[in-house]
Amino acid sequence: MPPESSESSESNEPGLPAYAATMAAYHRAFEPELVEIVESLPIRRGQTVLDFACGDGAYAGWLARRVGASGRVIAMDLSPAYLGAARRNLAARPELAARVRLVRADAGRSPLRDGSVDLTWCAQSLYSLPDPVEAIRRMAAATRPGGLVAVFENDEMHHVLFPWPAEAELAFRRAELAGFSAESDRPWKFYVGRRLLRVFREAGLADVALRCFAFTRQAPLDAAAREFFAGFLENLRDRAGLFLEPDLRTLLEGMTTPGSGRFLLDDPDLCVTCVNHVAVGVRP
Ligand SMILES: C[S@@+](CC[C@H](N)C(=O)[O-])C[C@H]1O[C@@H](n2cnc3c(N)ncnc32)[C@H](O)[C@@H]1O
């Protein structure tokens with residue numbers, strides 16, 4: 001997932017974070033796999049599901065299919081711009097939109113009654129929230145005893161596995177960490193995916209189970225996958241480039257820049273895999 005930023009970029013609507021376009025491309029590129037993950041959640045018709053930090057509403061729509069006409073999805077986010085995007089995206093499917101209630105709220109001050117939902121879902125938002133353990137505690141508080149908290153996350157070090165030259169990959173990763181450390185006082189948040197079990201345990205959840213989901217794409221990429229991976233590579237170049245020796249910086253720039261002649265996405269033999277985890281725990 002792209003790192004948090006409060007700024008809009010040219011390709012985004014006003015008010016949306018700079019990563020929003022890449023995030024939306026991710027939803028389009030991997031929709032079959034993401035829907036499969038949502039389908040794997042133990043949700044029954046008529047239940048109430050909370051989508052915690054819902055962003056553009058992609059998951060809220062998929063969750064709305066699962067709860068059926070008698071169920072309800074509460075899609076909560078702090079950002080009015082993102083809630084507006086969710087409203088517009090859901091409007092294309094009025095039968096699903098009717099099951100979704102959009103709520104503006106800070107994750108730390110949820111207006112929901114304790115124990116009022118059957119399952120809380122949260123996708124790729126732990127980087128954005130101030131404290132992952134506290135965030136999971138909030139999710140658990142909203143969930144009824146015996147209900148589930150399910151979190152979809154990744155670890156930036158292993159999230160997108162490109163076929164880098166083996167002799168350069170460690171240097172690229174080290175430089176990326178240096179970039180995160182330069183821009184955030186909590187660089188470890190970008191690697192929270194490797195600590196999900198501990199975070200769930202510290203938040204007090206029981207019977208926590210972790211599953212890995214890997215999404216692979218090969219050349220030729222479709223437009224959405226190309227847009228997502230191009231955004232990912234641009235972010236990596238901008239973040240890591242400054243922290244590399246000149247030869248490695250030149251190599252990274254060539255491989256991440258469209259039109260360079262070495263751009264990875266133009267490799268006819270490209271194969272790239274995204275690694276994700278879903279942690280599910282029970283509210284005691
Ligand atoms: C990386 S996005 C992920 C959005 C969505 N879950 C998805 O997967 O597309 C992180 C989300 O967290 C929201 N967010 C950030 N800080 C928040 C807070 N304090 N309370 C509630 N939502 C917050 C952002 O507005 C954004 O929608």
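The values are calculated or read from the model by the stated rules, or taken from the named source; none is laboratory data. Quantities reported herein were computed from a predicted structural model and do not represent experimental measurements. Quick reminder, even Gly has a Cβ in these numbers, built from the backbone with ideal geometry, and neighbours come from all protein chains shown.
Do we find that Gly115 is closer than 19 Å to Phe243 by Cβ and either over 20 Å from the mean Cα position of the chain (by Cα) or modelled with pLDDT of 95 or more (or both) in this structure? Spell out the reasoning first.
Numbers: closer than 19 Å to Phe243 by Cβ: no; either over 20 Å from the mean Cα position of the chain (by Cα) or modelled with pLDDT of 95 or more (or both): yes.
Here the answer is no, as Gly115 does not meet what is asked.
Name the residue that is nearest to the ligand (Cβ to nearest atom), counting only residues in region 55-67 that are farther than 16 Å from Ala135 by Cβ and assigned to a loop (DSSP other than H, G, I, E, B).
Among them, the one singled out is Asp56.
Exposed (fewer than 14 other Cβ atoms within 10 Å of the Cβ), modelled with pLDDT of 95 or more, of a type outside the set (Ser, Thr, Tyr) and more than 24 Å from the chain's Cα centre (by Cα): does that describe Glu245?
Answer is yes for this residue.
Pairs only if they're at least six apart or on different chains, beta carbon under 8 angstrom, first in region 142-161 and closer than 18 Å to Ala75 by Cβ, second crowded, with 18+ Cβ neighbours inside 10 Å and modelled with pLDDT under 95; list them, first residue then second.
Qualifying pairs under 8 Å: Ala142/Ser110; Ala142/Leu112.
Please go through region 248-284 and give me each residue that is within 30 Å of Leu148 (Cα to Cα) and buried (at least 16 other Cβ atoms within 10 Å of the Cβ), ordered by number.
Result: Cys274, Val275, Asn276, His277, Val278, Ala279, Val280, Gly281, Val282, Arg283.
Within region 65-78, can you find the residues that are within 23 Å of Leu126 (Cβ to Cβ) and either modelled with pLDDT under 95 or buried (at least 17 other Cβ atoms within 10 Å of the Cβ) (or both)?
Arg66, Val73, Ile74, Ala75, Met76, Asp77
Taking into account only those residues within region 45-62 that are without any contact (Cβ under 8 Å) to a residue 60 or more places away in the chain and of a type outside the set (A, V, I, L, M, F, W, C), which is nearest to Leu102 (Cα to Cα)?
Here is the first cut: in region 45-62, the residues without any contact (Cβ under 8 Å) to a residue 60 or more places away in the chain are 45-46, 54, 56-58, 60-62.
If we keep only those that are of a type outside the set (A, V, I, L, M, F, W, C) too, we end up with 45-46, 56-57, 61.
Numbers: Arg45: 20, Gly46: 18, Asp56: 11, Gly57: 9, Gly61: 11 Å.
Checked region 45-62; the qualifying residue nearest to Leu102 (Cα to Cα) is Gly57.
Please determine, by comparing only the residues of region 1-54 that are among the polar types (S, T, N, Q), out of contact with any Asp or Glu (no Cβ under 7 Å at 6 or more places or on another chain) and at pLDDT 95 or above, which one is nearest to the ligand (Cβ to nearest atom). Walk me through it before giving the result.
Initially, region 1-54 is screened for residues among the polar types (S, T, N, Q), giving 5-6, 8-9, 11-12, 22, 40, 47-48.
From what's left, out of contact with any Asp or Glu (no Cβ under 7 Å at 6 or more places or on another chain): 5-6, 8-9, 11-12, 22, 40.
Then keep just the ones that are at pLDDT 95 or above; that gives 22, 40.
Working: Thr22: 10, Ser40: 16 Å.
Going through the qualifying residues, I end up with Thr22.
Buried (at least 23 other Cβ atoms within 10 Å of the Cβ) and within 19 Å of the chain's Cα centre (by Cα): which single residue out of Ala81, Ala86, Ala107 fits that description?
On the way: Ala81 fails: buried (at least 23 other Cβ atoms within 10 Å of the Cβ); Ala107 fails: buried (at least 23 other Cβ atoms within 10 Å of the Cβ).
Going through Ala81, Ala86, Ala107 in turn, the sole match is Ala86.
Scan the strands (runs of 3 or more DSSP E) fully inside region 68-131 and keep the ones with 2 or more residues being within 9 Å of the ligand (Cβ to nearest atom). Give the steps one after another, and end with the answer.
On the way: elements: 72-77, 100-104, 117-123.
Fully inside region 68-131 and qualifying: 72-77, 117-123.
Taking Leu236, is it touching a residue at least 60 places away in the same chain (Cβ under 8 Å), loosely packed, with under 13 Cβ neighbours inside 10 Å and outside any strand (DSSP E or B)?
no
Would you call Gly115 surrounded by fewer than 20 Cβ atoms within 10 Å (Cβ to Cβ), under 22 Å from Gly146 (Cβ atoms) and in contact with a Pro (Cβ under 9 Å, 6 or more places away or on another chain)?
Yes.
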